[in-house]
Structure formats: C-alpha cells, structure tokens
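The values are calculated or read from the model by the stated rules, or taken from the named source; none is laboratory data. Nothing here was measured: the structure is a model prediction, and the numbers come from that model. Note that each Cβ is placed from the backbone with ideal geometry, even for glycine, and that neighbours are counted across all protein chains shown.
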Amino acid sequence: MNPIVTQLLYTLEMALLFSVVTIGVFLSIRILRFPDLSSEGGFGLCSIIAGIVFIKTGSTLLGALSGFLAGIFIGTVTAVLANSARLPTILASILTMTMCFSGGLLLAGKPSETLPEGWILKDMLPFLSSPLSIGIVGLALVFALLVPVLHAFFHTGSGYMLRIRGENPPLCKELGHNLLIWDIIGLGLSNGLIGFAAVLLSQRSGYASINMGRGVAISAIAAIMLSEALFPSKQLHWSLIACFGGTLILQLVRLLALNFGIPDGGLDLVTSLIVIGFCWLNAIRKVGHPALLAQIRM
Amino acid sequence: MKHSKWIPGIAIIGLLLTGIVFLNLNNSDKIYQVGIFQVVRHPVLDAMAESFQNHLMENLSGEINFETMVPEGDASKTEQMAQKFATEGYDLVFVIGTNLAQSLAKKTSTIPIVLGAATDPEAAGLVQTWEHPGGNITGTSDLSPVESQLGRLAEILPGAKRVGIIYNPSEDNSGIIVTRFKSQCEKRGITPVTATISSQNEIRQTLVSLVGKVDALYAPTDATVQSAFPLLIKTANELRIPVFNCDEGTVKKGAIFSVGFDYMALGRISAEMASMIIEGKHSPANMPIRLADQFILFYNPNQIQQLDLDMPVTWKKEGKQTYE
C-alpha cells in the first residue's frame, strides 16, 4: 500500500480510538462541569488491571470488562473525594491521578506488562484479517454504537438529571437528589469509557503501561476545544460526533508536524502552535477581523 | 444547510490531508533511510544514539538519511511515530526504549529493528530467546554488571553488610536491576535495603531515613536518580554514606567508584549489527542479543579520602581515577 494511505489509515484508527477518550472527558468537563484530570493516571491503571486480568484468564472480553469497571471505580473515588472532603474538584481528580500511578505499580509490581497476542475487536470481527482493517471497522462500530446509546441515555430521566447536576447543582439539590450519586454516575461513565479505550489501545499495542496515560487528558481537552471551535453545535449527539472531528484534527496536525521533520522534542510546541492558530482563525471568523484587532489594541 | 458552521472544520481537515500528501510526495529520493526511535531525551541515551549514527556512517559506504523521533513517553505519539516508521520504507530502525519496540513490532514484521540498550528483550516478548531472536528484531542489552560492582565494593568496604539501593519503581529497567541486585547481595551475604522515590523531591528525605541502616548506597541507572545525582551525592556526603554505581560521570560528581560500560560502546555494537543487517550479510533472526564487551572501573580518590576509606592498592593499576 502507498505509505501516505497507510499513514492516513493508521491516523484514522488512532483518531477513532482516542475520540472515545475525548467523549469520556467531554462527559466530565462539559456535561458534569467537573474538571477531571484523573485519566492521566487512570488510563494507565485501567490498562494494567485489564492486562493482568487478560494474562490470568486469557480472555480479551474479561480484560475489557475489567478495564471498564476499573474506570468506574476510579470515577467513584474522585466523586467521593470531591464530595465528602469538600475538596476542590480539580484537586480531587489530581489526587486520584497520583493514587492511580501508585496503584498500578503496586498491582503489577512493575511499570509495564507485556500482553499476549489478542484483541477484543479481533474476536468480535473474525472475518477480517489485517489488524488495521479490524481497527478501523471495529473502532468505527464502537463509535457508531456509542453516540446513539449516549444520546438515548441523555434523553431519559437519569440523563436529564445528570445534565441538571452539571448545569444547575442547586436545582438538583432542590429536587431532592443527592449530588454525590450523580457525580458517581457521571464520572463513573466518563472514566469507564476512558478505561475501555485504554484496554483497546493496550491490547492493540501489545503492552500495558502505567505511563500510558501521560498527556491523554490534556490532548482530549485540546480536542474538545478544537471541536467546539470548528464544529459548533447545540445538540448533544452532534457535539459527540464533533469530538471525533476535533480528535481527528489533532492527530492530523501531529502527523503533519511529523512529516515536516521538525526537531524532536519540538512536536508538542508545533502541535500547540497549530492548534492555537486554528482557534485564532476561528476567533477572527466569529468576531470579524477589525473587531479582533480593536480588541488586541485595547 | 443545518451544519454550515462546520464547513471551516471540514476545510481544515482537507487542508491537513493535502499538506500531508504534499510533504510525502516531496521526500521520494532515498539512499539509506535509518530511523532512530528514542523514548526520551537523556544525556546517556543521546550519546548512544550519536555514537550509533557515527559508527553506522563509518561502517556503511553510501549516504544515510537519519530520522530521529522522540515521543517523550506519550502513548498516542508513540503509536503515530511507530506507524510512520513502519510504513515509510525505512531500511532499519534503531529503537531505544522497550515499550517503543513493542509498539513498533506490532506494526511491522519485515523492517529490521535494532534495539539499543533494551534491558531484557526476551521478557518483553520482543525476541524468542537471547541467542536466537527469530524475527526481525535484535540488538544490544544494557544489563548493569551488578556482580562486578558488588565485587569492587567488597574490596574497598570489606565490612559492608547492608547495602542500600535507591530507585524509582515506575521505571521498568530499575525493576530488573533491583532483582539482580538482591540476588547478588544474597550470594555475598549482604542485606539489600531498598529505598524508592517517585520524584527528585523525595531524594533528601529518603536518604536521611537510610542513615544508620546502610553501609553503602547503590545508585542504579535510573533516570530519576541519575537526573538528581548532584542533589543525591551532596546529601549522601553530608550524611557520610558512600555511593557507588555504574558510570564515570557520577564518580566525577562524588560517587566513590563505579563499574560500568560506556553507552557509546553499546551504540557502536548496535551500529555494527545494523550495518551487517543493512548490507544483507545477516538476518536479525540469527543475530544474538549482545552485551557491552568491556567493563571499566572508575574511582574518585578525593571522595575515598574524605570518607576515611582505604583505597585498595590494586585499583591504581586496574582502574582510572577521576574527579572534578
């Protein structure tokens, strides 16, 4: 296959995978209005737990399930910390993140686990052979399932309550609901999805590592910002689809920067500069060029 | 149209795609394409990569195009860089970092991969056995000569019965060294005392807690420990704990001695292996994993004197003295 095509297909695969993370982070920071950075550590912890279960049982499905449950547990810890000790939300999530790093090390006894051959998506799609085609088709299916399911959930009573918890906590209290319960549900769902994505990535790459999550939450937040700037939308399901758009743009920007042959170590800088450039372009488009210049002069 | 606001976003995706295609069309002229895939920037690793490049250029006739990529530990970047190496027709990729090699190995079974300083490639599932890798991967390992280090310690501090080791448990390689350290200590009737740190800030506190519990301290090739070495040695000297380890640079800064090898030597050996693979003389499947071929003793006479230790008479002949 032509290298450009292969590179683009791999990028599409990774964009689909990381858009699951982006959606997870979107649920916590946009729906629940809870700045949750715990996935920086939680992503790695989930991959380690799922890896251990996968090695012990040999089942990719049990591995994925345990990764999802581990994520729910991590979300619960953050929610309980934030509510019970009245910690600032961001501090609660950072505490959880650091605990995740320790937890992973204690559980595995080492920072990374080598996984045997096996991928849950491959088991689901036995008729496809190459890992790349499995990845793209499988992850596209995951994404195509996730969006309508979340859309349906957020139009049930519980879904509305979760949105009220985020947008108007006093109202949630007035309606006689316990804020903690809704935080647990929201953060559990968010981190569960992130944990599931961690399993997908670790089974694909053949290793699980406690350091896997470094940069994950930050990239997801950047992708959300991009998606909101470039794919504005008022409806939830379009916002979720826009999450994929934002993640894809971020991954493409990185690929472009890699192809430029920038000096190593400069990748983050170049990526950030390109993202900032897009956001500026968008601001200029929205405000209009002269108005923005006037703002700058002020 | 309902989503007309999305047009700029979609246009940007189009723009990016065009840019990527354009950049790929441009670099079609190739001589030897050699990738260097390095986990983080670190003086020791940088020196090894540089020595690899220099020796490869010496060994191969013809021009070589080196492409270095450093993901700095980010999983998503690692994936993207690995797929770039796997798809762009590289003649060989020199990989520094076990996880990077695992990620790259999943994406190609044809492009030869030479490991630079992978501590245990067999345990990582990269090769079938040390002697017969069996796939497209071979290279060098940086197992630290713990045995010979403890041997030298017995020469200068015959009474040492409790030896500490300080490391960051979130680093893979440290775990392997610690296991070997413990088993070698037991062979010699020494009690190993482990002390873990998770960041540089904890070094001082951890060292203070070791006073009276250890007779000497081993500082392995752990990135966290090494990057805070000036702080470590300053504190250890205040507390009068002799420190030994595995490279010359730290002896200069104040460790009493080190037995180690040069990472540049690993770069040289890796380059020898790489040139044989590129020229088609050998296949990686049949090339055993190689270790450093010579060990060097460095000692710091000033430091030894300051700690009131007696220097073994043979060291003047066998070792090299070094201090600042």
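When we screen A:Gly41, A:Gly63 for residues that are away from chain B (no Cβ under 14 Å) and at negative phi, the only hit is A:Gly63. Against the numbered list (1) touching a strand residue (DSSP E or B) at 6+ places or on another chain (Cβ under 6 Å); (2) buried (at least 16 other Cβ atoms within 10 Å of the Cβ); (3) of a type in the set (S, T, N, Q), B:Ser170 comes up short only at (1). Just name the residue that is farthest from the other protein chains (Cβ to nearest Cβ) out of those in region A:213-235 that are touching a residue at least 60 places away in the same chain (Cβ under 8 Å) and within 8 Å of A:Gly246 (Cβ to Cβ). So, considering only residues that are touching a residue at least 60 places away in the same chain (Cβ under 8 Å) and within 8 Å of A:Gly246 (Cβ to Cβ), the one farthest from the other protein chains (Cβ to nearest Cβ) is A:Ile224.
Within region A:85-113, restricting attention to residues that are among the small types (Gly, Ala, Ser) and within 12 Å of chain B (Cβ to nearest Cβ), which residue is surrounded by the fewest Cβ atoms within 10 Å (Cβ to Cβ)? The selected residue is A:Gly109. In the set (1) part of a helix (DSSP H, G or I); (2) under 30 Å from A:Phe54 (Cα atoms); (3) within 10 Å of another protein chain (Cβ to nearest Cβ), the condition left unmet by A:Ala242 is number (2).
The listed residues are A:Ala79, A:Ala92, A:Ala70, and the only one of them that is within 21 Å of A:Ile184 (Cβ to Cβ), in contact with a Gly (Cβ under 6 Å, 6 or more places away or on another chain) and assigned to a helix (DSSP H, G or I) turns out to be A:Ala70.
Taking A:Ile52, is it touching a Pro at 6+ places or on another chain (Cβ under 6 Å), more than 14 Å from chain B (Cβ to nearest Cβ) and not polar (S, T, N, Q)?
It is false that A:Ile52 is touching a Pro at 6+ places or on another chain (Cβ under 6 Å), more than 14 Å from chain B (Cβ to nearest Cβ) and not polar (S, T, N, Q).
Looking at B:Ala154, is it within 14 Å of chain A (Cβ to nearest Cβ) and not charged (D, E, K, R)? Criteria not met by B:Ala154.
Restricting attention to region B:79-97 and to residues that are of a type in the set (Val, Ile, Thr) and in contact with a Gly (Cβ under 9 Å, 6 or more places away or on another chain), the residue that is nearest to the other protein chains (Cβ to nearest Cβ) turns out to be B:Ile96.
One residue alone among B:Lys161, B:Lys106 is more than 7 Å from chain A (Cβ to nearest Cβ), surrounded by fewer than 24 Cβ atoms within 10 Å (Cβ to Cβ) and touching a Ser or Thr at 6+ places or on another chain (Cβ under 7 Å), and that residue is B:Lys161. What number of residues within region B:280-324 satisfy the criterion of being assigned to a loop (DSSP other than H, G, I, E, B), more than 26 Å from the chain's Cα centre (by Cα) and at negative phi? The total comes to 8.
Determine, yes or no, whether B:Ala117 is more than 7 Å from chain A (Cβ to nearest Cβ), at pLDDT below 85 and touching a helix residue (DSSP H, G or I) at 6+ places or on another chain (Cβ under 9 Å). The answer is yes for B:Ala117.
Residues of region B:229-240 that are in contact (Cβ under 8 Å) with a residue 24 or more places away in the chain, at negative phi and surrounded by fewer than 22 Cβ atoms within 10 Å (Cβ to Cβ): B:Phe229, B:Leu231, B:Thr235, B:Asn237, B:Leu239. Criterion applied to B:Leu56, B:Leu100 was being away from every other protein chain (no Cβ under 11 Å) and either within 22 Å of A:Leu269 (Cα to Cα) or surrounded by 16 or more Cβ atoms within 10 Å (Cβ to Cβ) (or both), and the one residue passing it is B:Leu56. Here A:Ala15 does not qualify as in a helix (DSSP H, G or I), more than 12 Å from chain B (Cβ to nearest Cβ) and buried (at least 19 other Cβ atoms within 10 Å of the Cβ). Flag: B:Ile277 does not match the condition of being aliphatic (A, V, I, L, M), in the same structural domain as B:Leu126 (by TED's automatic domain parsing), in contact with a Lys or Arg (Cβ under 7 Å, 6 or more places away or on another chain) and in a helix (DSSP H, G or I). The set of residues in region B:251-280 that are over 20 Å from B:Phe52 (Cα atoms) and surrounded by fewer than 24 Cβ atoms within 10 Å (Cβ to Cβ) comprises B:Lys252, B:Lys253, B:Gly254.
Here B:Gly35 meets the list (1) at pLDDT 90 or above; (2) under 30 Å from A:Ser129 (Cβ atoms); (3) within 10 Å of another protein chain (Cβ to nearest Cβ) almost entirely, failing just condition (3).
Scanning region B:176-195 for residues that are within 25 Å of the chain's Cα centre (by Cα), surrounded by 17 or more Cβ atoms within 10 Å (Cβ to Cβ) and of a type in the set (Val, Ile, Thr) turns up B:Ile176, B:Ile177, B:Val178, B:Val193. If you go through region A:245-278, how many residues are part of a helix (DSSP H, G or I) and over 21 Å from B:Phe22 (Cβ atoms)? Count: 7.
May I ask you to say which residue of B:Gln80, B:Gln53, B:Gln102 is part of a helix (DSSP H, G or I), modelled with pLDDT under 90 and within 30 Å of B:Asp222 (Cα to Cα)?
Residue meeting the stated conditions: B:Gln80.
Going through A:Ala70, A:Ala82 one at a time, which residue ends up being surrounded by 24 or more Cβ atoms within 10 Å (Cβ to Cβ) and at pLDDT 95 or above? It is A:Ala70. For region A:215-240, residues that are crowded, with 20+ Cβ neighbours inside 10 Å and of a type outside the set (Gly, Ala, Ser) total 6.
The rows are residues; the columns are (1) touching an Asp or Glu at 6+ places or on another chain (Cβ under 7 Å); (2) without any contact (Cβ under 8 Å) to a residue 40 or more places away in the chain; (3) among the acidic types (Asp, Glu); (4) crowded, with 17+ Cβ neighbours inside 10 Å.
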{"residue": "A:Thr156", "(1), (2), (3), (4)": "no, yes, no, no"}
{"residue": "A:Pro170", "(1), (2), (3), (4)": "no, yes, no, no"}
{"residue": "A:Asp183", "(1), (2), (3), (4)": "no, no, yes, yes"}
{"residue": "A:Leu189", "(1), (2), (3), (4)": "no, no, no, yes"}
{"residue": "A:Gly192", "(1), (2), (3), (4)": "no, no, no, yes"}
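Only one of the listed residues (B:Glu155, B:Glu147) is assigned to a helix (DSSP H, G or I), out of contact with any Leu (no Cβ under 9 Å at 6 or more places or on another chain) and at pLDDT 90 or above. That residue is B:Glu155. Regarding B:Gly125, is this residue surrounded by fewer than 17 Cβ atoms within 10 Å (Cβ to Cβ), part of a loop (DSSP other than H, G, I, E, B) and at pLDDT below 90? Considered against the rule, which asks whether it is surrounded by fewer than 17 Cβ atoms within 10 Å (Cβ to Cβ), part of a loop (DSSP other than H, G, I, E, B) and at pLDDT below 90, B:Gly125 comes out as no.
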